[in-house]
Amino acid sequence: MEWIKAAVYFALNDDLAIYEGLHLTATMITSVTVLTPVFWVRWGVFLALVGFAVWMFAIVIWRRIGYMKLGVPSEFVRYKPKRKDGFGGEMFGHRRLLNDLRSGFMHLIYFYGFIMLQFGAIDLIWKGLSGGKRLPIPLYPQFSLSQEITTGLVFAAVLYGAYRRYGEKLSRLKRGWKPSLVLWFIGSLMLTIMFTLAFERLTEGKEAALDTIFAPISEPLSQLLNIAGVEAQSQLAHVGFEVFWWLHLLVLLGFLVYVPQSKHFHLITAPVNLWFRRNSPHGRLTPLDLENEEAETFGAGKIEHFSQKQNLDLYACVECGRCTNVCPATSTGKLLSPMHLIVKLRDHLTEKGAAITSKSPWMPAGLWQKKTSVSYAHVMGAVMPTWEGGDDGEGEGNSSYRTNIAPTMAVQGAAWGIREGSKVEDLELIRDVITEDELWACTTCRNCEEQCPVGNEHVDKIIDMRRYLVLMEGKLPSDGQRALQNIERQSNPWGLPRAERAAWMEECESKTGIRVKTMQECKTSGKLPDVLLWAGSMGSYDSRSRRVLFDVVRLLMRAGVNFATLGQEERSSGDTARRIGNELLFQELCKENIETLQRYGVKHIVTTCPHTFNTFKNEYPDFGLSTQVKVEHHTELLARLLQEGRLRTKYALEERVTVHDSCYLGRYNDTYEAPRSLLRAIPGVTIEEMERSGANGMCCGAGGGLMWMEDHSGSRINYARTAQALEVKPSVISSACPYCLTMMEDGLKSMSQNDSVTARDVAEMLAESVFGLKG
């Protein structure tokens, strides 16, 4: 009741009453302990330790905020999700963490356990300061029980975490003394809580102590201590309580100072990062203002060239390895590891930030370090993984194509280290921190981002560094350079004559009997179509992709869709140029295409290529394409036509089909159902999903411009993906992307499986069911 009286005085009364309230509070404190010199020493030491720790904690955070602010200013806008991945679901529901149920459940225990234990920590600290008095918490016995159960659960989670890392040895987890430090911190916190409570029971005696039913851990532990010679209410029991109480405080404050100086800074930065996630479509790249005459550089050639939000990403990383575990480049023996990419950028930002600001990032070491340039820095060594294929396993001769992240994890861990004599100011971001091999290994599939529990974005950082290489240094792989030159000259990556872009229309008429009209013809006749069918470079020039395009034409005609194409006026969409890093070429193609679309008043575009679909839908609006223009992938349109009854399947296809999801259709645009709905509409078709499908589906290896570049390290990504598809023993590997189709067919040929298993676009299978004959 004394505490309640004091609170009422503070909240409701005037100055005199507040003075009386303070007097009442002081009286209450003196009632719980005698104000002896020991009391003042205890409080003095406590306040000094807490104040010093909190000061160091605040200094470390403030300095890292300063490092982040070295980046290009960002507009921090609250993330407003349209889907299930809102702040609450990610933060409190651990949606992405629970993709790995065991690790996710373990983290849930940590997360909610620490929230609950904060209340217990306050109670425990007050007991030590007040001579053993408890806080006036309602239902205190039940509160104490919940604290002991939570302490036990968190300690069990620590043991399981150690087993996962050092016993089970998950490939995605780092090992060594640094990753284990947090386990020692948390484990020590739990143990000091348990022993403090156990010694407390011994100091109180049986009459004053809580009933044993409310002490499932401290009671058995106190009995063990009693057996070991610590008698109840003895001097030794009081000494034990004091020792473990102070140990708990020191470990707690040490952990407080350690957190912002380690990967566990994510406890603070991850909620902020999730709160300010992008509101724009997945993976949409930030346009470069190429007409800015004051710009000194384009892309990211220094850590300061990244935005402040991108720098926040770096400090939010928890180093859980989920991104690396699903990366197609890492899995097939390339040097790129998304986790190490973020960690290396973070280390470099910290070191360069310290050099620029002359403020040490470390505490308490920074208190005695001189404010001079340090002659050492982290540098990436010149290494490449030694690829020996995946783990042995069943699979009809396909075990050599199994994924394995261990080689890349090993070389990344060994190559990234401190080099004496190196000054961070002299290091190049590209080459000394992130190698060119890493940058050109990325397929931009975004599986890393889909798995990241803290909302990090890896792809835009890679593209920004590619932009710097291409636009500022003119450096990129020779085959990538050739593809860009061909796109610039002939508007296709092969360099085939631009005059042949409409040749597919003649072949289509000869094989299907359908003459596809051009937009120019329609405009001349005064009857513009409802839909523009965008053939794309693959549909226009590649013979295999043309067959898919022809079937789409047949289906649209059967459904009565009024459509036309641009024919000779069509150009490359620019996706390849943009992902490789040539923003200048992309913007030229983009503006030319938009002018053509506006000239014909196009309101609805359908394309068979997910890359073109994504570029038109999500990126062209930044350059003037009206958001009122409807952009659809052919699977979306065909699924709607089936639903409306304008298309009807008739002929059965006795096929066992597995679905390979296109990254730019799925992870970039959340379209997974449309291709499957087409397959389900076909009589006789059964769908067998791969282990990695949907949002976790593995890339075919063609994205990010890699369709036009040779794979010189490790295993080919498309071979690994084909091997995964063959594990479910399909008769057909279906896709909805010309790149994916090409890659899957190549994989089947390499494994000599193309006679028993075929790769087909879902539109081809639908056309066969509608018309009865293969196109």
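The values are calculated or read from the model by the stated rules, or taken from the named source; none is laboratory data. Note that this is a predicted model, so its numbers are computed, not measured. Positions of Cβ are backbone-derived with ideal geometry, glycine not excepted, and every protein chain shown enters the neighbour counts. Ligands, DNA and RNA are excluded from the accessible area calculation, which covers all protein heavy atoms including side chains. Shrake-Rupley method; radii C 1.70, N 1.55, O 1.52, S 1.80 Å.
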L256 to D479: FRET efficiency via 1/(1 + (r/R0)^6), r the Cβ-Cβ distance, R0 51 Å, to the nearest 0.05? 0.45
Would you kindly find the accessible area of I65, with a 1.4 Å probe and non-protein molecules such as ligands, DNA and RNA excluded, rounding to the nearest 10 Å²? 60
So, with +1 on the Cβ of K and R and -1 on the Cβ of D and E, and no other charges, what is the size of the charge dipole of the chain about its Cα centre, to the nearest 20 debye? 560
Roughly how many nanometres apart are two label points built 7 Å out from the Cα toward the Cβ at W184 and V383? 2.4
Any residue on another chain or 5+ positions along whose placed amide H is under 5 Å from the amide H of V72 is listed here as F306, S307, Q308
Evaluate the relative contact order of the chain (contact order divided by residue number), counting alpha-carbon pairs under 8 angstrom at least 6 apart; express in whole percent. 11
In Å², and per residue, what accessible area does the range 634-714 have when probed at 1.4 Å with the other protein chains present? 40
Tell me the accessible surface of S222 in square angstrom (1.4 angstrom probe, heavy atoms of protein chains only), to the nearest ten. 10
What FRET efficiency would be calculated for the residue pair R656, R419, taking the C-beta separation as r and a Förster radius of 60 Å, to the nearest 0.05? 0.65
Under the rule of at least 5 residues apart or a separate chain, name every residue whose amide H is placed under 5 Å from the amide H of D761. S735
Could you pull out every residue, at least 5 positions away or on a different chain, whose amide H is within less than 5 Å of the one on E655? Hs are placed 1.01 Å off N in the peptide plane, and Pro or chain starts have none. V685, T686
FRET efficiency for Y112 and S525, Cβ-Cβ distance as r, R0 = 60 Å, nearest 0.05? 0.35
Send over a whole-number figure in Å² for the accessible area per residue of the range 517-572, probe 1.4 Å. 37
Could you run the Karplus curve 6.51 cos²θ - 1.76 cosθ + 1.60 with θ = phi - 60° over the range 162-179 and give me ³J(HN,Hα) per residue in whole Hz, x for Gly and Pro? 5, 5, 4, 7, 10, x, 6, 6, 4, 4, 6, 9, 6, 10, x, 6, 5, x
Beta bridge orientation in the chain: antiparallel %, DSSP, nearest 5: 20
In square angstrom, rounded to the nearest 10, how much accessible surface does V659 have for a 1.4 Å probe? 0
Explain nothing, just compute: Karplus ³J(HN,Hα) = 6.51 cos²θ - 1.76 cosθ + 1.60, θ = phi - 60°, for every residue of the range 57-64 in order, whole Hz, x for Gly and Pro. 4, 5, 4, 4, 5, 4, 5, 5
Using Cα centres only, tell me the gap between the range 590-638 and the range 172-203 in whole Å. 57
Obtain the nm distance between the two label points defined at L101 and E689 by a simple spin-label model: each point lies 7 Å from its Cα along the Cα-to-C-beta direction. 1.4
Before rounding to the nearest 500, sum -39500 (n - 2.57) across all DSSP H runs of length at least 4 in the chain and divide by the residue total; then give [θ] at 222 nm in deg cm²/dmol. -16000 deg cm²/dmol
Rounded if a/c is under 1.5, else prolate if a/b beats b/c, else oblate: with a ≥ b ≥ c from the C-alpha gyration tensor eigenvalues square-rooted, which is the range 622-721? oblate
Given a cut-off of under 8 Å on Cα pairs at least six residues apart, what relative contact order in percent is computed for the range 84-222? 22
Chain lengthening between K169 and S358 when straightened (0.36 nm per residue, less Cα-Cα): 64.1 nm
For the range 418-427, Karplus couplings with θ = phi - 60° (6.51, -1.76, 1.60), whole Hz, Gly/Pro x: 7, 10, 5, x, 8, 9, 4, 5, 8, 7
Of the accessible area of the chain, with the probe set at 1.4 angstrom, what percent is carbon plus sulfur? 57
Could you sort R571, R446 by their accessible area in this structure, using a 1.4 Å probe and putting the largest first? R571, R446
If you average the C-alpha positions of the range 324-355 and of the range 644-683 separately, how far apart do those two centres end up, in angstrom? 36
Whenever you get a sec, line up F87, F265, F52 from highest to lowest accessible area (probe 1.4 Å, protein heavy atoms). F52, F87, F265
Pop a pseudo-label 7 angstrom from the Cα along the beta-carbon direction at both K749 and S74 and give the gap in nm to one decimal. 4.4
Average accessible area per residue (Å²) across the range 232-328 - probe 1.4 Å, nucleic acids and ligands excluded: 41
Which one, [x] 32.2; [y] 39.7; [z] 42.2, gives mean projected area of the Cα convex hull in nm² as derived from the coordinates shown? [z]
Candidate residues E655, E319: accessible-area rank, largest first, probe 1.4 Å: E655, E319
